[in-house]
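The values are calculated or read from the model by the stated rules, or taken from the named source; none is laboratory data. Bear in mind that the values here come from a model prediction, so they are computed numbers and not experimental data. Please note: Cβ atoms are built from the backbone with ideal geometry, for glycine as well, and neighbour counts cover all protein chains shown.
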Amino acid sequence: MKIKETEDEEIKDLSEKLSNLLFHGNTNGKKNTIPITYLSFCLRKAAFNLYFGTRSFERYPKAALGEMLHLGFQKLIENNARYIFQEDSKFEFEVPLEYELENGWKITGRADFTWNNKVIELKFKDFDRFSGIDLDEIPDDEVLKAYIEQVNAYAFILDKEPYIWVFDNREMKFKILEVEKDEEQFYKMIQKAHKIIEEVEQLREGKFPIELKQRFSWECNYCIYRAICNVLR
């Protein structure tokens, strides 16, 4: 019995696509794309991910709960759509979106859920205490700020109205946060993307992105690049 590397092109193509999906988040391989989620967190980490062509593999309980919420919500809607929506309602899950930048770069993302003129982000956390206050009044270290920025960007790219639906696991119901569209905030996100691009180019020239730092104090606790940053501080 002999073992050799396969020459079957169909299997090799499948293997390459799976590898690209695992390491780059798409089946085509490394691209000049910046996920919208990168723009609300540590920009240095974003630059590293793009430069090395890697994705972050940190896993923690809340992330798993979030994935369960998304899958459960999608199945709930799909199985009961005829009872929930009017016949002319349009809804879609995991809606792809992109925004063109310069030199072949683009911002990409996937909105959790769109329903007619609404784009909705689903979250598994109790944010109701922040309902009705301005973004500037939310504590700097509160991750809700990042979620608001992201859904605001989705709303501008998709030309829809932004909402965050928070599942309260204690009361077993959704709490709805209506987000006011903020054009200035959207263009601040675009500026962050330009900053990431600049730092990726610096990395390609052998320079370390000293200016970029984490946004939230807890980000380093889960970061795969923590050892690198600790050495170079």
**Request:** Residue by residue through region 202-223, note down the ones that are of a type in the set (S, T, N, Q), under 12 Å from Arg44 (Cα atoms) and outside any loop (DSSP other than H, G, I, E, B).
**Result:** Gln202
**Request:** State whether one or more residues within region 182-198 are part of a loop (DSSP other than H, G, I, E, B), among the charged types (D, E, K, R) and loosely packed, with under 15 Cβ neighbours inside 10 Å.
**Result:** no
**Asked** Scanning region 79-109 for residues that are touching a Lys or Arg at 6+ places or on another chain (Cβ under 8 Å) and among the acidic types (Asp, Glu), which turns out surrounded by the fewest Cβ atoms within 10 Å (Cβ to Cβ)?
**Response** Glu100
**Fill in**
Restricted to region 1-29 and to residues being over 22 Å from Asn49 (Cα atoms) and outside any helix (DSSP H, G or I), the residue modelled with the lowest pLDDT is Met1
**Fill in**
Of the residues in region 164-181 that are touching a Pro at 6+ places or on another chain (Cβ under 9 Å) and assigned to a loop (DSSP other than H, G, I, E, B), the one that is nearest to Thr108 (Cα to Cα) is Lys181
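For (1) surrounded by fewer than 17 Cβ atoms within 10 Å (Cβ to Cβ); (2) modelled with pLDDT under 90; (3) closer than 28 Å to Ala81 by Cβ; (4) out of contact with any strand residue (DSSP E or B) (no Cβ under 9 Å at 6 or more places or on another chain), each residue gets a yes or a no:
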site: Asp112; (1), (2), (3), (4): no, no, yes, no
site: Ile133; (1), (2), (3), (4): yes, yes, no, yes
site: Asp136; (1), (2), (3), (4): yes, yes, no, yes
site: Pro139; (1), (2), (3), (4): yes, yes, no, yes
site: Lys145; (1), (2), (3), (4): no, yes, no, yes
**Message:** Kindly evaluate Phe48 against the criterion of being more than 15 Å from the chain's Cα centre (by Cα), modelled with pLDDT under 80, among the hydrophobic types (A, V, I, L, M, F, W, C) and over 22 Å from Asp112 (Cβ atoms).
**Reply:** no
